[in-house]
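To start, the structure itself, in structure tokens.
What follows draws every value from the coordinates through simple rules; no lab data is involved. From a predicted model like this one, the values you see are computed outputs, not experimental measurements. Note that we place each Cβ from the backbone using ideal geometry, even for glycine, and neighbour counts take in every protein chain shown.
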């Protein structure tokens with residue numbers, strides 16, 4: 001008689017096999033092992049400092065993971081060469097003039113490589129190409145910069161407290177504050193005066209629109225404007241004539257042969273003219289005396305009395 005078949009080892013083996021499959025699938029999903037079977041190209045870049053970058057770190061382009069760091073090795077005297085594996089499907093988007101920089105996955109995450117830039121006219125990268133890189137500040141450099149800034153802030157704060165500099169004096173010296181306050185008040189007063197002036201100008205300009213006044217006639221009436229224009233032209237002509245006359249008198253006074261020059265520079269002619277004027281004055285006085293004597297003479301007395309009566313009668317009629 002045959003012995004019954006023991007199914008327990010078979011069932012256990014099936015469960016173990018299924019568990020191994022789930023384990024392999026989970027490892028492939030978490031570790032992205034499927035990318036191992038993807039075709040890649042090799043690209044390199046030389047850095048002065050990789051800032052903690054190591055093999056296996058991800059490579060990003062436009063926010064998409066396109067590969068990882070394959071190997072890091074020393075290059076030259078003190079530089080570091082980073083060898084990258086990039087998915088072959090992504091190489092059509094990356095240009096030969098693109099650049100590489102070291103970044104951080106999040107605020108304090110792992111180091112990553114970021115490929116960026118590149119122009120459309122440049123060809124796409126090929127296997128074995130080398131990309132230029134951009135030097136960025138490391139976290140140590142940033143902390144050192146922050147420390148220097150803190151020291152500068154402390155020095156600045158101390159100077160402000162001690163009253164050094166313009167702002168320090170402004171904060172600690174009351175007289176400067178009062179001067180600034182007085183200046184502000186003066187500016188406010190000047191602004192008020194300016195507003196009054198603007199209002200006056202506005203009032204004046206509004207009056208220009210009222211017909212009948214001189215300002216409106218000057219602006220709108222062409223006849224008044226032309227009349228003023230002609231008057232100005234005539235005044236200018238008179239002034240020009242007066243200028244010519246004055247210049248002629250000047251020239252004549254300088255020339256001793258002219259009448260004016262003789263009067264100004266010839267003493268004998270001047271004496272004769274003075275004597276003539278004196279003779280004329282005495283002659284006029286004697287003529288007045290003779291006329292007075294004729295009025296009282298017997299022959300003309302009656303005539304002058306008639307003339308006086310006529311004048312009196314005309315006055316009374318008026």
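A few points about this structure:
- Projecting the alpha carbon convex hull of segment 38-141 along each direction and taking the average yields 6.6 nm².
- Under the Debye formula (equal points on every Cα, no solvent term), log10 I(q)/I(0) of segment 153-207 at q = 0.25, 0.27, 0.31 Å⁻¹: -0.88, -0.93, -1.03
- Amide N of segment 85-110 lying under 11 Å from the label point, which is placed 7 angstrom from the Cα of residue 127 along Cα→Cβ: 88
- Taking each residue as 0.36 nm, the span from residue 315 to residue 226 lengthens on full extension beyond its C-alpha to C-alpha distance by 27.1 nm.
- Protection proxy ranking, peptides 129-135, 16-22, average beta carbon neighbours within 10 Å, highest first: 129-135, 16-22
- Backbone N atoms of segment 155-194 closer than 12 Å to the 7 Å Cα→Cβ label point of residue 200 belong to residues 193-194.
- Label-to-label distance, residue 272 versus residue 99, with points set 7 angstrom from Cα along the beta-carbon direction: 10.7 nm.
- Normalised by 2.2 N^0.38 Å, with N the number of residues, the alpha-carbon radius of gyration of segment 57-111 equals 1.24.
- Inter-label distance, residue 65 to residue 249: 11.0 nm, where each label sits 7 Å from its Cα along the C-beta direction.
- What the Cβ-Cβ distance of residue 24 and residue 134 gives, at R0 = 35 Å and to the nearest 0.05, is a FRET efficiency of 0.30.
- The label-point distance for residue 149 and residue 75, in a model that sets each label 7 Å from Cα toward Cβ, rounds to 3.2 nm.
- Gain on full stretching of the segment that runs from residue 38 to residue 11 - 0.36 nm per residue minus C-alpha separation: 6.1 nm
- Packing, as the average of other Cβ atoms within 10 Å across residues, places the peptides 228-236, 95-103 in the order 95-103, 228-236, highest first.
- For the pair residue 236 and residue 88 in one chain, pulling the backbone fully straight at 0.36 nm per residue adds 43.9 nm over the alpha carbon distance.
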